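Trainee: Structure incoming, see below.
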Amino acid sequence: MTTPSSRHAIYWTPAADSALWRFGARWLGRDPATGAETPPGDGADADPAWLATVTAEPRRYGLHATLKPPFRLADGRARSELVAALETTAARLAPVTGPNLTLRRLGRFLALVPDGPAPAIRALAATLVAELDGFRAPPDAAELTRRRAHRLSAAQDANLERWGYPYVMDEFRFHVTLSGSLESAALDRLEALLRPRVAPFTAAPLAITELALFEQDAADQPFRLTLRVALRG
């Protein structure tokens, strides 16, 4: 049920029958479609408590890459309208492909990212941000303050004002987060565990054939995968 504190997001997530989807649920310790939880780490030989800590932040979201960042519904808009608009947009947009994924450090966390420029993916994300913007409630003062505490560039601040999030449009970077923010030694340790596990998923170009609607009932709740919509353009 949609509440004033509910948030919605449009993500890419692997196909439900794919090895990457199964890996994501095992690595993060939660399946965002079913809610089933398992010990995180994909069977890695490491301290379970440590693995639970280093995967805690991405576990809240499930394995995904953000296309349209989380937002609250604007006043007067209903979830059913959002779903209908998403389905209409997906029917018009064609699937896109990008470079192979590769494991990289992004600041202080680990993620799968395209191994090269990905203009088609960036264009897809920009279209979703713009065309579904009418469903987004503007960020409140507290959220603006929190975002700006990260020393945004002028372009990022302009995105925050216009689109409600700094890292969209030209600032967009497709990434599948696999860890929380860690110190260098912990990143070294985790990267050694992850690299052989993600190797099978870096051997072919990334294909985005569907969009996923994720929803969060309240700030202290995890995001749930509630709908997959095929790109049919």
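The values are calculated or read from the model by the stated rules, or taken from the named source; none is laboratory data. Just so it is clear, the structure is predicted and the values come from calculations on it, not from any experiment. Virtual Cβ from ideal backbone geometry, glycine too; neighbours counted across all protein chains shown.
Trainee: Within the group L160, L206, L182, L152, which residue is in a helix (DSSP H, G or I) and out of contact with any His (no Cβ under 8 Å at 6 or more places or on another chain)?
Mentor: Going through L160, L206, L182, L152 in turn, just one is in a helix (DSSP H, G or I) and out of contact with any His (no Cβ under 8 Å at 6 or more places or on another chain): L160.
Trainee: Still on this structure, please answer the following. For the stretch 197-223, name all the residues that are more than 26 Å from I121 (Cβ to Cβ) and not polar (S, T, N, Q).
Mentor: Scanning the stretch 197-223 gives D217, A218, A219, D220.
Trainee: Checking the structure you have, find out if any residue of the stretch 137-158 is closer than 30 Å to A46 by Cα, of a type in the set (A, V, I, L, M) and either under 19 Å from the mean Cα position of the chain (by Cα) or modelled with pLDDT under 95 (or both).
Mentor: No: the stretch 137-158 contains no residue that is closer than 30 Å to A46 by Cα, of a type in the set (A, V, I, L, M) and either under 19 Å from the mean Cα position of the chain (by Cα) or modelled with pLDDT under 95 (or both).
Trainee: In the stretch 148-166, how many are touching a helix residue (DSSP H, G or I) at 6+ places or on another chain (Cβ under 7 Å) and buried (at least 18 other Cβ atoms within 10 Å of the Cβ)?
Mentor: The qualifying residues number 6.
Trainee: Under 8 Å by Cβ, and 6 or more places apart or on different chains, what pairs join a residue from the stretch 185-198 that is β-branched (V, I, T) with one that is surrounded by 13 or more Cβ atoms within 10 Å (Cβ to Cβ) and assigned to a helix (DSSP H, G or I)?
Mentor: V198/F23
Trainee: Six or more apart or on different chains, Cβ under 6 Å: which pairs go from a residue in the stretch 120-142 that's surrounded by fewer than 14 Cβ atoms within 10 Å (Cβ to Cβ) to one that's modelled with pLDDT under 95? Could you list them?
Mentor: Close Cβ pairs satisfying both conditions: none exist.
Trainee: List pairs: first residue in the stretch 6-26 and within 15 Å of P69 (Cβ to Cβ), second residue part of a strand (DSSP E or B) and among the polar types (S, T, N, Q) anywhere in the structure, Cβ distance under 7 angstrom, at least six positions apart or on different chains.
Mentor: S6/Q216; R7/Q216; A9/T66; Y11/T66
Trainee: Determine which member of the set R92, R104 is touching a Leu at 6+ places or on another chain (Cβ under 8 Å), loosely packed, with under 15 Cβ neighbours inside 10 Å and at pLDDT 95 or above.
Mentor: Answer to the check: R104.
Trainee: Filter the stretch 29-71 down to the residues that are crowded, with 19+ Cβ neighbours inside 10 Å and free of Cβ contacts under 8 Å to residues at least 40 places away in the same chain and list them by number.
Mentor: G29, D31, P40, L51
Trainee: Within the stretch 107-119, track down each residue that is under 20 Å from L190 (Cα atoms) and surrounded by fewer than 16 Cβ atoms within 10 Å (Cβ to Cβ).
Mentor: Once the filter is applied, which keeps residues that are under 20 Å from L190 (Cα atoms) and surrounded by fewer than 16 Cβ atoms within 10 Å (Cβ to Cβ), the stretch 107-119 yields G107, R108.
Trainee: Still on this structure: Identify all residues within the stretch 72-89 that are exposed (fewer than 15 other Cβ atoms within 10 Å of the Cβ), of a type in the set (G, A, S), within 21 Å of P139 (Cβ to Cβ) and out of contact with any strand residue (DSSP E or B) (no Cβ under 7 Å at 6 or more places or on another chain); write none if there are none. So that I can check it myself, show each step before the final result.
Mentor: Of the stretch 72-89, the ones exposed (fewer than 15 other Cβ atoms within 10 Å of the Cβ) are 74-76, 78, 80-81, 84, 88.
Going one step further and asking which of them are of a type in the set (G, A, S), we end up with 74, 76, 78, 80, 84.
Filter again for within 21 Å of P139 (Cβ to Cβ), leaving 74, 76, 78.
Within the stretch 72-89, G76, A78 qualify.
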